Amino acid sequence: MIQLKKIDKYYDAKFQRTFILKGVNLEVKQGEFVTIMGPSGAGKSTLLNIIGLLDEPSAGEYYFWDEPAHKIKEKQKVQYHRSHIGFIFQAFHLIDELNVYENIETPLVYRSVKGKERKAMVADLLDRFNMVAKKDLFPSQLSGGQQQLVAIARAIIGSPKLLLADEPTGNLHSEQGEMIMKLLKKLNEEGMTIIQVTHNEDFAQYGTRVVKLIDGLIREDYQVENRK
Amino acid sequence: MILKVVIRNLLKHPFLNLVKVIGLSLALTGIVFIALFLKNELSYDSYHSKSDRIYRYTITDPDFLGGKHFARTINPGYIPELKEAIPELENFTRLMPVRGGLIKYEERFYNINEAFECDSTFFQVFDARLLIGDKQKVLGNPASMVVTESFAKRVFGETNPVGKVLTLPAGQFYGEQQDFTVQGMMKDFPSNSHFYPDFITTPGADQFANSWAWTYLLLAENANPENVKSGISVYLKNNRETNPEEMDTQVHLQKLNDIHLKSHKLREIEPAGSLTNIYVLTIAALILLLISISNYANLNMGMTGFSAKYMFVNKLLGSSKYSIASYFFIEGLFIVVTTSILSLMIAFPINSLIAKMYGLNLLNGNTFSVAVIVLLFNLSALILGMTPVVSFVSSLFRNRTKRNVSPKMAKGRVSSALIIFQYGFSIALIVSVIVISKQTRYALNSSIGVNEDNIVCFESVHSSIQQKFKVLKAELLKYNSIESVSAMMEPPGGEANDMFPFEMEGYKTDEQNQEYDRIGVFPCDYSFASIFNLQFLSGENFSKKNTDADGSGEYIINEAAMHRLGYSEPDKITGKEFRLIFSAPGSGIEIPGGKIIGVVKDFHLQSLKSAVEPLVFFKRENLWLLNFVISYKPEMQAQALNDMKTVWNSLFPEYPFQYEHVGAMYKKVYKAELLQARLLSVFTTIALFISSMGLFGMALISTQRRVKEIGVRKVNGARVSEIVTMLNRDYLMWVGVAFIIASPVAWYAMNRWLENFAYKTGLNWWIFLATGLLALGIALLTVSIQSWKAATRNPVEALRYE
Ligand SMILES: Nc1ncnc2c1ncn2[C@@H]1O[C@H](COP(=O)(O)OP(=O)(O)OP(=O)(O)O)[C@@H](O)[C@H]1O
Ligand SMILES: [Mg+2]
């Protein structure tokens, strides 16, 4: 489903070229739950952005749903963002001007889901995340953890086929984190392909596979043995 | 320390700060010029030290020329007697126009633009600085002349004018040749004077008795003008009325200072200024002030977000509310000082442009006024521009955490209100510009002879030239560049005020009142109707059969006259016997009886502000044909003008060759409106520009603030078009609201303005539609540049860690 072949990503400064990703080969099959790990600055977020069609590789070939990514037109990308990909960002990126309810609702609006249906879907998620009481608050009125929950809710509400989660549990205490991981695992079992970034070894165990990225190179790539 | 931060922050957002400065500068410059112009207009004639006691005296009489109100008084020979009869009347002076436009010195004719024969009391009533001569004595003798500096220079060069003898040639209005001796020289009259004669002179003999003169009365201190008025009425009743019981002469006194703007009588010295112009300009200045300052405040408010972090950290580090406020104050000071400097830089070239075009040096001698205006403007910009920022600072200190630092909600509403308000004004201004230009164009196009603009006019030619009209016409028509030559009593755009009694077959006049049952008359030459393309509704033009012999006179009337005479079908009135009755004792002039030979469609000789008056056109040998009009083949303009000059110089070598195109003459008639249209379009452009710059700035600020949101939405599948629509929607809605508010206001205002005209173009719906679309288009363009930039940005960049 997703295939990266010799992907490079670099930035050209005045006299030198800085590589962030170097010859990355990675294939992710439908139904996998991949965890990417690695030290800070290793290029994890960059890799995720490339996979999510937000950024383009500097060299190499990338096949998204077996289609060469560089040939995907802008219009088609928008379509993929609407129906295939869900994002959870490291820095949440909630819309300050919208309240919790509206933030979660956003992807549905772009998918032209009908109002009534939207209401039901958002209400369901709010319930699941124990956030019903907060639905009229604005992001600035939430704690970091609550904001992260909203961001997760927003990413999964449209049931994307591929969920890209950049440290989804970074701001959560371990109990909440586990709750989220369980949820992701459940979604994965229901058929959602998930690629997550985390620094937490325990949470990596919820997935099916671990990829270790160091200085832009894939150093390890193995299946999880005793999946939680 | 603060200064450093201020400068660094100003340079961090060069574009937005430039928008602030340019907006304020344009408005300030506009306001300075409007204010100086208004000062000039409103201070007309107040430079006379006794101006508050000087009144112009006029009379109206329903039995005399239809009760028309003339600025001059007829036969003012009795005025000195009024002074004896009324104690509250301290003094008077009469100004009689020197006609003919020419004066002779050492065998050469010189043009005079304006000159008066006046009473020796001139300098006791009016102020004027004498450069040579003594105010008490200089006009003491008959035929004593005082010339202005510039006229002296023109005629005598650098030599001392005193003792020089100028000659007014004989002929004009049957006057006789007259010599005047220059006794003094005075400064030219200032631009805010309603008269600026080349010279004034005492008459050779007392000619005031049988003439028309502008009459000014100087009242005693603390005199009540009402008493003077009733005193004059009593005097007139006892001394001048033929039957005192039926006295219906009305006496009018108008304050000298009111003449320029409020007097719209017939035969003014110069066309009155326009009070509407004053209102229009005042409103324009206010709008500029409001728009520019609200714009400034709006941008200030939008930009507080940029320095919020600095503010917050500063607060944490313990700085006081006042030091933060002083930061904003210094920033504001920077902006207004730059604004003032920029304004001055723009002002000088504009001033010389105005001076060149309108002969009005507004900056001259007004340094103090300019300083006051600039100071007031800066102060209000500083205070009003700071207010929203100050409220932000205090909110910063009210809330203890950073969480509520961005004053989002309230701010959004205020800036939308400001944008609605700015665009509302701009829309109203655009509508006004369109309507005023359209009406002016309509008025110009409806005037006779302007469409091809191949007609020139020799205005009020000297009587000795009038006598030779036939020769001139014959000579000119020999050239094939010349199409037609005609003559008329009043010039194009002039007032046809004269009315004669008449007799018509089948028309019943009260025998007793025949003297008062009059109709407008207009002597003209044969080809008058053809040169101006007048349309005959019935009958035809003058024929060769028209002679001065009784019974063979030919009359053409206009539609209005037809209705006045009680007919509604042109064919029915043509052929009727008709005669005008003219009696000037001793003139020996008689107008022959004859027939009405044609009816022409009403045409506009005069301004469209007044209704077309009934007029009877007739032709009599060499009589009252003061203005010559000549049409030439349009494609041969240069040749034709050359030919005219050749003929003129051979026939009238000592007279200056001076003509004007009819189109230009009508433009003078609508000078006030043309000026309004031009000024308004300048100010509308400025207002629209400032508003749009402001909108651009606001859009820039808001997209910058929404960068993250846009990124998030894109990641969630929003199309570029959806993002642009989202960003634009609010602005467009505001412009829409502005349109809905501004349209009825503009409609009302323009309806009032059009009431000035007896004939007007309509206020079509398309004007509003076009304006709305224009405003919307400009706003859309302005905002879309930002929106598009923001929407096409790579979301990864936007969503980099905060
Ligand atoms: N636009 C850019 N220009 C130059 N360098 C960049 C740019 N974007 C990212 N980088 C660099 O690329 C490297 C990888 O960044 P990336 O965000 O992918 O790291 P990461 O593995 O997600 O780290 P973390 O665990 O801290 O989130 C970093 O060193 C970063 O400085
Ligand atoms: Mg990262």
Considering only residues that are surrounded by fewer than 17 Cβ atoms within 10 Å (Cβ to Cβ) and closer than 16 Å to B:LYS83 by Cβ, look in segment B:210-229 and name the one that is nearest to the chain's Cα centre (by Cα).
-> B:PRO225
Does segment B:717-747 hold any residues that are within 14 Å of another protein chain (Cβ to nearest Cβ), assigned to a helix (DSSP H, G or I) and of a type in the set (A, V, I, L, M), and which are they?
-> B:VAL720, B:ILE723, B:VAL724, B:MET726, B:LEU727
Checklist (1) of a type in the set (S, T, N, Q); (2) part of a strand (DSSP E or B); (3) out of contact with any Ser or Thr (no Cβ under 7 Å at 6 or more places or on another chain) applied to B:ASN113, failing item = (2)
Within segment B:703-744, which residues are open to solvent by 30 Å² or more (accessible area, probe 1.4 Å) and hydroxyl-bearing (Ser, Thr, Tyr)?
-> B:SER721, B:THR725
In a loop (DSSP other than H, G, I, E, B), in contact with a strand residue (DSSP E or B) (Cβ under 7 Å, 6 or more places away or on another chain) and more than 16 Å from ligand 1 (Cβ to nearest atom), is that true of A:PRO168?
-> no
Would you mind listing the strands (runs of 3 or more DSSP E) fully within segment A:1-115 where at least 1 residues are among the acidic types (Asp, Glu)?
-> A:2-12, A:17-28, A:59-64
Is there a residue being more than 13 Å from ligand 1 (Cβ to nearest atom) and away from chain B (no Cβ under 12 Å) anywhere in segment A:39-49?
-> no
Expected single match for within 11 Å of another protein chain (Cβ to nearest Cβ) and open to solvent by less than 30 Å² (accessible area, probe 1.4 Å) among A:PHE129, A:PHE64, A:PHE89 is A:PHE89
Which of the residues belonging to segment A:175-194 are without any contact (Cβ under 8 Å) to a residue 24 or more places away in the chain and open to solvent by less than 10 Å² (accessible area, probe 1.4 Å)?
-> none
Can you name the helices (runs of 4 or more DSSP H) wholly within segment B:652-716 that have at least 1 residues being farther than 30 Å from A:THR106 by Cα and either within 14 Å of chain A (Cβ to nearest Cβ) or modelled with pLDDT of 85 or more (or both)?
-> B:662-669, B:671-705
Looking at segment B:90-98, is at least one residue more than 34 Å from the chain's Cα centre (by Cα) and part of a helix (DSSP H, G or I)?
-> no
Number of positions in segment A:195-219 that are within 16 Å of ligand 2 (Cβ to nearest atom) and open to solvent by less than 20 Å² (accessible area, probe 1.4 Å) | 9
Identify, please: which residue in segment B:766-802 is of a type in the set (Ser, Thr, Tyr) and closer than 19 Å to B:LYS714 by Cα and is, among those, nearest to ligand 1 (Cβ to nearest atom)?
-> B:TYR801
Within segment A:92-102, the residues that are among the charged types (D, E, K, R) and either open to solvent by less than 30 Å² (accessible area, probe 1.4 Å) or more than 9 Å from chain B (Cβ to nearest Cβ) (or both) are A:GLU102
On the given criteria, is A:VAL113 hydrophobic (A, V, I, L, M, F, W, C) and open to solvent by 20 Å² or more (accessible area, probe 1.4 Å)?
-> yes
Could you tell me which of the residues B:PHE37, B:PHE70 is buried (at least 18 other Cβ atoms within 10 Å of the Cβ) and touching a helix residue (DSSP H, G or I) at 6+ places or on another chain (Cβ under 7 Å)?
-> B:PHE37
Options B:TRP788, B:TRP765, B:TRP747; residue that is surrounded by fewer than 19 Cβ atoms within 10 Å (Cβ to Cβ) and free of Cβ contacts under 8 Å to residues at least 40 places away in the same chain | B:TRP765
Those residues that are under 14 Å from A:GLY216 (Cα atoms), within 12 Å of ligand 1 (Cβ to nearest atom) and surrounded by fewer than 22 Cβ atoms within 10 Å (Cβ to Cβ), I need them from segment A:13-37; list them, please.
-> A:ARG17, A:THR18, A:PHE19, A:ILE20, A:LYS22, A:MET37
Matching residues, segment B:260-273, being closer than 12 Å to B:GLU41 by Cβ and crowded, with 16+ Cβ neighbours inside 10 Å = B:HIS260, B:LEU261, B:ALA272, B:GLY273
Evaluate the following for B:LYS104: is it among the basic types (Lys, Arg) and modelled with pLDDT of 90 or more?
-> no
Taking segment A:38-61 only, how many residues are within 16 Å of ligand 2 (Cβ to nearest atom) and open to solvent by less than 60 Å² (accessible area, probe 1.4 Å)?
-> 14
Of all residues in segment B:678-691, how many are surrounded by fewer than 20 Cβ atoms within 10 Å (Cβ to Cβ) and in contact with a helix residue (DSSP H, G or I) (Cβ under 6 Å, 6 or more places away or on another chain)?
-> 1
Could you please let me know if A:GLN148 is in a helix (DSSP H, G or I), touching a strand residue (DSSP E or B) at 6+ places or on another chain (Cβ under 9 Å) and within 16 Å of ligand 1 (Cβ to nearest atom)?
-> yes
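The values are calculated or read from the model by the stated rules, or taken from the named source; none is laboratory data. As the structure is a prediction and not an experimental result, all values here were calculated from the model. Using ideal geometry, Cβ is built from the backbone for each residue, glycine included, and neighbour counts are taken over all protein chains shown. When the accessible area is computed, the model is the full protein with side chains, heavy atoms only, and any ligands, DNA or RNA have been set aside. Shrake-Rupley method; radii C 1.70, N 1.55, O 1.52, S 1.80 Å.
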